[in-house]
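The values are calculated or read from the model by the stated rules, or taken from the named source; none is laboratory data. All values derive from a computational prediction rather than experimental measurement. With ideal geometry, Cβ positions are generated from the backbone for all residues, glycine too; neighbour counts draw on all protein chains shown.
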Amino acid sequence: MIITTLLTLTTLAAALSIPSPSLRATNPKPHPKLLESACTFTLQHRQQSSTTYIQLITIIDHANAIRIDVAGQRPPTEYNSYVRLDDAHVFAMTGLLDERNLTISTVSRHELEFEIGEVRWSTRRSGREAGCNAGAWEGGLDRRERRMVCLFPCEKVAMEDRGDVYGDAGESARQVRIGLQG
């Protein structure tokens, strides 16, 4: 049985969380021209013994000028928590603006795999349209963590086609909040 952590979009303003100072490594930013049709996110990747965890706080939809708060509707006790990934646990987010789903799963103890629509990539191999720039591991072999910045293609969606879910998000640099679905 596979347990999926499923998130679906709703509209509400939200605040952001800043990662711990030691993990704010300077990853090169993608070229501005590339960002015009892209979404980016920063992912914390943690390993404790043989267990893999991730933390995804925000997705920035550059194509539509929207900041999506992934962590915002998690219960307060889980707001800054990590999500477990293994053969039975997958992270999946539905309801992105272009109606595609983002999934994150483990391939091995050291490798994560990402999929959105038909686009697939992993922490070891980038695709033509998507990829991650992973920082160095910090910590020891039993407990270590790294930060990565990932990019995938996003479509520009006309304001009139956004529907009630997104309201006027993007017109005034508002944030969109993702809600947790059971």
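Taking region 74-109 as the search range and keeping residues that are charged (D, E, K, R) and not in a strand (DSSP E or B), which one is farthest from Arg120 (Cα to Cα)? Among those that are charged (D, E, K, R) and not in a strand (DSSP E or B), it is Glu78. Pairing residues of region 57-83 that are over 20 Å from Arg147 (Cβ atoms) and touching a residue at least 12 places away in the same chain (Cβ under 8 Å) with residues that are surrounded by fewer than 19 Cβ atoms within 10 Å (Cβ to Cβ) and acidic (Asp, Glu), at Cβ distances under 7 Å and at least 6 apart in sequence or on separate chains, gives Ala63/Glu36; Ala63/Glu155. For the condition at negative phi and loosely packed, with under 15 Cβ neighbours inside 10 Å, Arg146 does not qualify. Taking region 1-73 and the strands (runs of 3 or more DSSP E) fully enclosed by it, the elements with 3 or more residues that are at pLDDT below 80 are at 3-10. Touching a His at 6+ places or on another chain (Cβ under 7 Å) and over 17 Å from Val157 (Cβ atoms): is that true of Ile54 in this structure? So Ile54 fits the description; yes.
Restricting region 156-182 to residues that are among the small types (Gly, Ala, Ser) and part of a loop (DSSP other than H, G, I, E, B) leaves a set whose member that is modelled with the highest pLDDT is Ala158. Looking only at residues in region 111-155 that are assigned to a loop (DSSP other than H, G, I, E, B) and hydroxyl-bearing (Ser, Thr, Tyr), which one is nearest to Ala63 (Cα to Cα)? Per the criteria, the residue is Ser126.
Within region 90-141, being among the aliphatic types (A, V, I, L, M), over 17 Å from Gln44 (Cβ atoms) and at pLDDT below 85 holds for Leu96, Leu97, Leu141.
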